[in-house]
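Written out below as structure tokens is the structure these notes cover.
The values are calculated or read from the model by the stated rules, or taken from the named source; none is laboratory data. The shown structure was predicted, so the numbers you read here are calculated from the model rather than taken from an experiment. Neighbour counts run over all protein chains shown; Cβ positions are idealised from the backbone, glycine included. Side chains are part of the model used for accessible areas, which takes the heavy atoms of the whole protein and leaves out ligands, DNA and RNA. Shrake-Rupley method; radii C 1.70, N 1.55, O 1.52, S 1.80 Å.
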Amino acid sequence: MILEVKKLQTGYGKLQVLRGVDLCVGKESVGLFGPNGAGKTTLINAIMGIVKPWSGAIEFEGKSIAGQATHLVARSGIALVPQERELFPGLSVADNLELGAVYVPRGKAIKAQQLEIVLELFPILKERIKQYVGTLSGGQQRMVAIARALMANPALLILDEPSLGLQPSIVAEVFDRLSILKKDIAILVTEQNVRESLKAIDRGYVMENGAIVIEDTAKGLATNPHVLSAYLGI
């Protein structure tokens, strides 16, 4: 497995959010679904070292990363695309992409190669390579955020709500790119847009109240009665 989370418990102050979460990601695309407040972002924050585990284990490529500093987690081969994108609007697309590789040794070593890959994946960015990121549309900025994460040459790409705030046509385009990416890289994506996500993932988990309540293949989730009623409105 690329990533294994075992019996993870954590939270903020005295507030417990995660309650014994078990989750794993191999060379595949895995979805993590659930309502606001379910604990999805807290799980990502724990994996990235932003929130320290209270108990349980987090292993990446067979080594414990539980409680490690965020920059060490990133250097180990995990790249995160956060909800807010957190780009540099006053810099060009090219500059933002370069920043994704320059501080990560595994990305810096093959920066030129990675740039070719991400521009082929997102051709609109090649057209806008010299444009300031702050002048791009929301969908294009989301593509820059994903491309910047890929510049680090990660073994695991984590995306937190990539469709947030995007119009439906752009959401479909983003998930189309993710379905291409999963052939070459492990992906963990948290989403509330379950319908589009199921087209791009191999397996998925449903989290509610800080615990995993369902684990199944994408096909299984698409026909699960609880998923159909609670997340697909059927």
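For this structure, a couple of remarks:
- Between residue 164 and residue 7, the C-beta separation translates, for a Förster distance of 25 Å, into a calculated FRET efficiency of about 0.30.
- Using the average count of surrounding beta-carbon atoms within 10 Å as a protection proxy, the listed peptides 182-195, 146-159 rank, highest first, as 146-159, 182-195.
- Helices in the chain, meaning DSSP H runs of at least 4 residues, each add -39500 (n - 2.57). Divided by all residues, the mean residue ellipticity at 222 nm is -10000 deg cm²/dmol.
- Accessible area of the stretch 1-59 belonging to carbon and sulfur atoms, whole % at 1.4 Å probe: 53 percent
- ³J(HN,Hα), Karplus 6.51/-1.76/1.60, whole Hz, each residue of the stretch 22-30, x for Gly, Pro: 10, 7, 9, 9, x, 7, 6, 10, 10
- Computed extension length for residue 223-residue 84: 46.9 nm, one decimal, from 0.36 nm per residue of separation with the Cα-Cα distance subtracted.
- Theoretical FRET efficiency, 1/(1+(r/R0)^6), r = Cβ-Cβ of residue 120 and residue 232, R0 25 Å, to 0.05: 0.15
- Label-point separation in nm, residue 59 to residue 211, each point 7 Å along Cα→Cβ: 2.4 nm
- Carbon-plus-sulfur accessible fraction, the stretch 105-157 (probe radius 1.4 Å, protein heavy atoms only): 53%.
- In the context of the full set of protein chains, residues of the stretch 87-234 present 46 Å² of accessible surface per residue (probe radius 1.4 Å, heavy atoms only).
- Part-to-part distance (alpha-carbon centres) for the stretch 62-79 and the stretch 1-52, which is given in Å: 14 Å
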